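Below is one structure, written out as structure tokens; comments come after it.
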Amino acid sequence: MKKMAVVMAARVLLGVTMMLAPGLSVQAAPVPAPLVSSQLSAQDFMQQVTTQLLHRLVNERPAYTKDPALLFRIVDENITPYVDYPTIARRVMGRFYRQASDAQRQRFVAQFKDSLIRTYGNGLASYDHERISVLPARAGATNTATATVDMLITMNSGQNVPVTYELQRASNGAWMLENVVLNGINLGLTFRNQFASDVEQYHNDLDQVITHWLPHAQSATASQHS
């Protein structure tokens, strides 16, 4: 179950699960210019981010199979412009954010970003032409600057997995990803609980918690190959 969750999360959290027929030929995709998402609906934004990343994964598979570092660069270049890492990291730290120094906060943002790119990058390497249905976005109840985009992923086994992306507009109007709920599991809350557990494990030593956050992600990734 843990193996399936890691791989599935890798394919949906970073938006790589679009419909693609085996053998489909697509043109080589250079590093994309960031989308002007302020001009897009939340639904169209998620669709275009997904398409850009998928094209690179398909076209550059021979290269990143030989050089795993390239896969991480592809994920970084296609996803980082649209993920609000500082906000996510602050929520993951929870009540401990106030206790942390500015240097610790910045360090955790960097560690958190790197752990996600590596963990989910490894999962994306096993992309296997799953199908996805993107549903119309739902605006926030009282705030038009927030939206959720629901997706239904159909695995090759026939299993349907619901995914919800939570988005918010930045000050420049661009859509930014702030959280994902995968098959009823709130990933932001899951990471927050992990951070709190780590604080207890390392006896409130935030430096140790931050230092060991990346190995935790690497351990989870390794489990999918066991």
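From the list Val6, Val31, the lone residue that is part of a loop (DSSP other than H, G, I, E, B), over 24 Å from Arg169 (Cβ atoms), of a type in the set (Val, Ile, Thr) and modelled with pLDDT under 80 is Val31.
Within the range 35-76, can you find the residues that are charged (D, E, K, R) and either touching a residue at least 60 places away in the same chain (Cβ under 8 Å) or closer than 18 Å to Gln168 by Cβ (or both)? Within the range 35-76, just Asp44 meets the criteria. Look at (1) in contact with a Phe, Trp or Tyr (Cβ under 9 Å, 6 or more places away or on another chain); (2) within 15 Å of Trp175 (Cα to Cα); (3) at pLDDT 90 or above and you find that Ala137 fails only one, number (3).
For the range 185-200, does any single residue satisfy the condition of being touching a residue at least 60 places away in the same chain (Cβ under 8 Å), in contact with a strand residue (DSSP E or B) (Cβ under 8 Å, 6 or more places away or on another chain) and over 18 Å from Arg91 (Cβ atoms)? No, every residue in the range 185-200 fails to be touching a residue at least 60 places away in the same chain (Cβ under 8 Å), in contact with a strand residue (DSSP E or B) (Cβ under 8 Å, 6 or more places away or on another chain) and over 18 Å from Arg91 (Cβ atoms). Scanning the range 171-184 for residues that are within 19 Å of the chain's Cα centre (by Cα) and touching a residue at least 60 places away in the same chain (Cβ under 8 Å) yields Ala174, Trp175, Met176, Leu177, Glu178, Asn179, Val180, Leu182, Asn183.
Asp205 satisfies every condition listed in (1) under 14 Å from Phe96 (Cα atoms); (2) touching a residue at least 24 places away in the same chain (Cβ under 8 Å) except (2). Kindly evaluate Leu116 against the criterion of being crowded, with 16+ Cβ neighbours inside 10 Å and modelled with pLDDT under 90. So Leu116 passes the test.
The values are calculated or read from the model by the stated rules, or taken from the named source; none is laboratory data. Nothing here was measured: the structure is a model prediction, and the numbers come from that model. No Cβ is skipped: glycine too gets one built from the backbone with ideal geometry, and neighbour counts run over all protein chains shown.
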